[in-house]
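The values are calculated or read from the model by the stated rules, or taken from the named source; none is laboratory data. These numbers were taken from a predicted model, which means no experiment stands behind them. All Cβ positions, even for glycine, are placed from backbone atoms using ideal geometry, and neighbour counts span all protein chains on display. Heavy atoms of the whole protein, side chains included, go into the accessibility calculation; ligands, DNA and RNA do not. Shrake-Rupley method; radii C 1.70, N 1.55, O 1.52, S 1.80 Å.
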Amino acid sequence: MEEEFVHVISKDLPRLLRTTKVKLVVIDSIAAVYRTDFGNQIAKRSEGLFQAASILKTLSEKHCCPIVVTNQVSDLITTGGGQQSDFETRKMYGRMSRGRTVIPALGLSWSACVTTRIMLTRTSSLSTSAGLRNLHPVFS
């Protein structure tokens, strides 16, 4: 899956950006590619993420086209009642969504690649099953 993704962003997307008036590119979700292909091979996954981020940043600058890439989140699982490492992780990455602390699925590797992080959260609501959605700038 990762090879196909890299082919699309390095060959097909540049051709599309050159030949049409694209105003925005949205990739949903990069985690779907890099979570499944690499499993626990963190170094190899990081290398692939850095390569993809470099290609996307270059395309964005060259064609003056913003590229939005979504990531998934995972529940923060603590290791025994709030040890120091859990507290630091929660402080650095943690955001509340529907009453749970969540962290970005691709972790530190991907966080080093992005220029702006915005988080969409949902709060539980008794009046509707959907709840309220909120947009939070994390950093820019």
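Compute the signed sum of charges (Lys and Arg +1, Asp and Glu -1) over the other residues within less than 13 Å, Cβ to Cβ, of Pro66.
On the way: positive: Lys23, Lys57, Lys62; negative: Glu61.
In short, +2.
An ellipsoid equivalent to region 1-49, defined through the eigenvalues of its Cα gyration tensor, has semi-axes of 25, 11, 8 Å when rounded to whole angstrom and sorted largest first.
Amide H contacts of Ser74 (H built 1.01 Å from N, in plane; Pro and chain starts excluded): Ile103, Ala105 sit under 5 Å, all sequence-distant by 5 or more or on other chains. Could you compute how much accessible surface Met1 exposes when probed at 1.4 Å, giving the result in Å² to the nearest 10? Answer for Met1: close to 110 Å² accessible. Once all protein chains are placed together, Leu24 keeps about 90 Å² accessible to a 1.4 angstrom probe.
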